[in-house]
Amino acid sequence: MYSFLGGLVILILGYVIYGAFVDKVFAPDDRKTPCVRLEDGVDYVPITPGRAFLIQLLNIAGLGPIFGALSGAIWGPQVYLWIVFGTILAGGVHDYLVGMLSMRNDGASVSEITGKYLGGFMLQVMRLFSVVLLVMVGVVFMVGPAGLLALMFTQGTSGAVGTASGAAATLMGYSTAEWTKILTVVILVYYFLATLLPIDKVIGKIYPLFGLCLIFMAIGIGGVTVMNHINGTKPMIELWEGLYNMHPKAATTPIWPLMFITVACGAISGFHATQSPMMARCLTSERQGRFVFYGAMVAEGIIALIWASAGIAFYNKTGGGFSTEGLLAVGGGNSTSVYQISVGLLGPIGSILAILGVVACPITSGDTAFRSARLTLADWWHIDQKGFAPRMMLALPLLAAGYAISFLDYGIVWRYFSWSNQTLAMIALWAGAVYLCRNVGASRGFIAAIPATFMSAVSVTYFCIAKECYLELPTATAYAIGIAVAVVFCAIYLFRVYFPETKKQ
């Protein structure tokens, strides 16, 4: 419990202290923002800071801080360290810099920002990379909530998940699997509307309600988890009690880099780089950036910390030694584990709102994933999006591709999403580092260059070691390659710092 509460305090202090430092380094000013200069009633629409914060939080808080945090917790309470310090030193910096750079570049998407600061080759790489990632995100955040809702429909709140009767449960003659397919189509239709309509017509209207569900879920799950620790029902594992690889398959599942990739959005996420430009087009002042961009990431870190703690405690076997075997047995972060935790901790009535909060997270990220993909393609091909027909031209093929991918194995899509997600974050951080170096000062760029170097090592090592990437190199070899590539990237950055090739922009 003390580790969990300490993590909460550090996250809040991180926003207050380090967030203020990052904001001071970037130095926001009173220049006119994109929504003031380029208002079009569709994507460039002025939004108040409070609503912008809520939209940004719901945009970025998809399944990552819930599914990812639960899966990351299988390695034990050291996941707290990555969630807390990853959020403050990497994720918050990443989201803030991308959002602010977008504001400084007429609301440009992350691919255009990357191209400006890292060159034409990276521009093309990021254009393709970000669109593919966004479609995968849309699929992940379409199938995930559909499956969770299907469980609610067919099994109610009885908690019968995994039993023979639960597996055979039906509603109106349709099984859980059949309801999942039906709801996937329903969510896809909503995504179609959210992708096409002005941002303040659908997204801006329903997000406050989803936000209340999300807040209730976090407070409820976190509060009951602490209470259960106090009364001894489901004790939490303290950091000093599990500061080792607690994964039941530790011999073949190392913490580095697997845990850092698995947690994904709970600490740092390249997906956020695709989302921040949407709110960059809606803020009326650069001075709102720290609250909206850095603040929303800290809030997501808190959500991830709550779910990681809940997962460790809920599946911990009482009466014996601390273990994460139960969390692994249920499959880590997925619809089933979220359902079981919500019902088990909050009961039938409270669990409905809690589960709706979990459903709201991915849906409110999936809709903006497709919307962001549309905007990325529009920036790429210079297609004005004020008219309905141009938006339809880009939205239809994106959503069709997403629906086709939804038939693939969910676990495979999630693994590819996780790696590509963290790789995109790495690239975005390097772009932010170059900007700070050129426009603020060589030493200031290190607030982005240091986490960028770290994420370079994580992403490359995972690429070398993961089954889905087909290399499957020996662990020691993968470590050596990951570290070597990170050192090379850092050396290239240092060379550009001390031997600048371009003028300030």
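The values are calculated or read from the model by the stated rules, or taken from the named source; none is laboratory data. Just so you know, these numbers come straight off a predicted model, no measurement behind them. When we count neighbours, we look across all protein chains shown, and the Cβ atoms used for this are built from the backbone with ideal geometry, even at glycine. In case anyone asks, the SASA skips ligands and DNA or RNA and just uses the protein heavy atoms, side chains included. Shrake-Rupley method; radii C 1.70, N 1.55, O 1.52, S 1.80 Å.
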Take the Cα atoms of the chain, find their three principal axes, and give me the spread along each one in whole Å, biggest first.
-> 65, 50, 42
Tell me, which longest segment in the chain has none of the GluC sites (Glu not before Pro) that fall in DSSP loops with at most 11 further Cβ atoms within 10 Å?
-> 1-471
Where a ≥ b ≥ c are root eigenvalues of the Cα gyration tensor, a/c under 1.5 meaning rounded, otherwise prolate if a/b exceeds b/c and oblate otherwise, segment 27-67 counts as prolate
List the trypsin sites (Lys or Arg not before Pro) within segment 27-100 that fall in a DSSP loop (any state other than H, G, I, E or B) and whose Cβ has at most 14 other Cβ atoms within 10 Å.
-> R31, K32
Measuring from the lowest to the highest alpha carbon on each principal axis, how far does segment 1-100 reach, largest first, in angstroms?
-> 49, 29, 19
Using just the helices of the chain, give the 222 nm mean residue ellipticity in deg cm²/dmol: DSSP H runs with n ≥ 4 each add -39,500 (n - 2.57), and the total is spread over all residues, rounded to 500.
-> -22500 deg cm²/dmol
Restricting to Cα pairs under 8 Å and 6 or more apart, the percent relative contact order of segment 233-345 works out to 37
Segment 42-153: Cα Rg divided by the 2.2 N^0.38 Å rule of thumb = 1.28
Considering only protein heavy atoms and a 1.4 Å probe, what is the carbon-and-sulfur percentage of the accessible area of the chain?
-> 71
Could you give the C-alpha radius of gyration of segment 375-505 expressed as a fraction of 2.2 N^0.38 Å, taking N as the number of residues it contains?
-> 1.36
Links exceeding 19 Å between C-alpha atoms in this model, out of K249/K317; K317/K467; K234/K317, come to K317/K467
Could you work out how far the C-alpha centroid of segment 258-333 sits from that of segment 65-118, in angstrom?
-> 10
Taking 0.36 nm per residue of separation between L243 and I349 and subtracting their Cα-Cα distance, the length gained on full extension comes to 34.5 nm
Computed over the Cα atoms of segment 260-335, what is the ratio Rg over Rh, Rh following Kirkwood?
-> 1.16
Of all C-alpha pairs within segment 202-264, those more than 15 angstrom apart amount in percent to 72
For V189 and Y498, what is the calculated FRET efficiency with R₀ set at 56 Å and r taken between the beta-carbons, to the nearest 0.05?
-> 0.55
Given charges of +1 on the Cβ of Lys and Arg and -1 on the Cβ of Asp and Glu, with all other atoms neutral, how large is the dipole of the chain about its Cα centre, in debye to the nearest 20?
-> 680
Which loop-located trypsin sites (Lys or Arg not before Pro) does segment 180-287 contain, where loop means any DSSP state but H, G, I, E or B and the Cβ has at most 13 other Cβ atoms within 10 Å?
-> K249
Segment 369-451 accessible area per residue, 1.4 Å probe, protein heavy atoms, integer Å², reads 38
Solvent-accessible heavy-atom area per residue, rounded to whole Å², over segment 58-145 at 1.4 Å = 18
